[in-house]
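The values are calculated or read from the model by the stated rules, or taken from the named source; none is laboratory data. Source: prediction; values computed, not measured. For neighbour counting, all protein chains shown are included, and Cβ atoms are generated from backbone atoms with ideal geometry for every residue, glycine included.
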Amino acid sequence: MQVGGGDFVYEFEEGWGCLPEEISLGWVAAVAVDSLDRVYVYSRSDNPVVVFDREGNFLCSWGQDLLQDAHGIYIEADDTIWCVERETHCVRKVTTDGMLLMTIGTPNQEGEREGEPFRLPTDIGFDAEGHIYVSDGYGNARVHKFSPTGELIYSWGEPGSGPGQFDLPHCVRVDRRGRVLVADRANNRIQIFDTSGNYVEEWGDLNHPDTIHIDADDIVYVAEMDQRISILSLDGELLARWGDGVRREAPGQFHGCPHGIWTDSRGDLYVSEVQTDGRFQKFVRRT
């Protein structure tokens, strides 16, 4: 089965990512790929992080004694992994085998006052100087900027639908131009800011954007809650799209809601879903 269009045509890879019998997954909130094309599947289950090689062979699982409520995952160029925990109100920095390096936020304690980090955070991104941006999402309508060592610098955002306001900021990423892209899910848009939180512009024509991924070629991939994937340029030009807002059981379609998205070094695409258990898929790019 082929999906996409233009220069971004993919074929669903059936049977990719088989799990051992003793491992089962709940909602798969996020997926990310490291420099060796190892694929990290981040789920709400007793096995929070499951790792596969590029061919879909199971390698290991970890996080059982650390991670409790999977939401967002991000892997830096040096393969440092960041896991955003929604219900525990914290962000974990870990190695590729799950060793804890740093925690931002106090586990199981939300911010004391409205707007303070964290109240059900959602995802994380980084600028070229190593500053950390966290979208704080379900309980706050904020984006927080931290130093590379985790000290809060400042925050921006408030509830609403105007420029610089948010209705569930669900993901944050920083592009090569130094712009901060925020998936403003319930407002059906991506808002763009400079690294000081000043509003620049926004992209519409999106159906509840859940997660943003920007690849090495500056292509923007958006997983949308309403069973759709959109692929855009850094200028917001639509390059390809598939999915029609209808839940489908068929492989290559979306039975749940696309919630995580990432590409590997060859441009193949990985998508994970929530509102259904154990659902993650690989799409091989055709050239």
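Some points to look at:
- Spans of strands (runs of 3 or more DSSP E) in segment 60-153 with at least 1 residues touching a Leu at 6+ places or on another chain (Cβ under 9 Å) and closer than 22 Å to residue 42 by Cα: 70-75, 81-85, 90-94, 100-104, 121-126, 132-136
- The lone exception for residue 135 - which of (1) closer than 22 Å to residue 210 by Cβ; (2) of a type outside the set (Asp, Glu); (3) free of Cβ contacts under 8 Å to residues at least 12 places away in the same chain it fails: (3)
- Counting only strands (runs of 3 or more DSSP E) that sit wholly inside segment 1-58, those with at least 2 residues that are closer than 20 Å to residue 274 by Cα and in contact with a His (Cβ under 8 Å, 6 or more places away or on another chain) are 28-33.
- Candidates 190, 219, filtered to the one that is crowded, with 23+ Cβ neighbours inside 10 Å and either within 15 Å of residue 135 (Cβ to Cβ) or within 16 Å of the chain's Cα centre (by Cα) (or both): 190
- Scanning segment 229-248 for residues that are buried (at least 21 other Cβ atoms within 10 Å of the Cβ) and under 18 Å from residue 274 (Cα atoms) yields 229, 230.
- Verdict on residue 254 being crowded, with 18+ Cβ neighbours inside 10 Å, aromatic (Phe, Trp, Tyr) and closer than 22 Å to residue 35 by Cβ: no
- Close contacts from segment 258-269, counting a first residue that is over 12 Å from residue 221 (Cα atoms) and surrounded by fewer than 24 Cβ atoms within 10 Å (Cβ to Cβ) and a second that is at pLDDT 95 or above and of a type in the set (S, T, N, Q), with Cβ to Cβ under 9 Å and a gap of 6+ residues or different chains, come to 265/35.
- Those residues of segment 154-164 which are part of a loop (DSSP other than H, G, I, E, B), surrounded by 16 or more Cβ atoms within 10 Å (Cβ to Cβ) and either touching a Pro at 6+ places or on another chain (Cβ under 7 Å) or among the polar types (S, T, N, Q) (or both), in sequence order: 157
- Strands (runs of 3 or more DSSP E) contained in segment 165-248 and holding at least 3 residues among the acidic types (Asp, Glu): none
- Of all residues in segment 36-44, none are over 19 Å from residue 282 (Cβ atoms), hydrophobic (A, V, I, L, M, F, W, C) and surrounded by fewer than 21 Cβ atoms within 10 Å (Cβ to Cβ).
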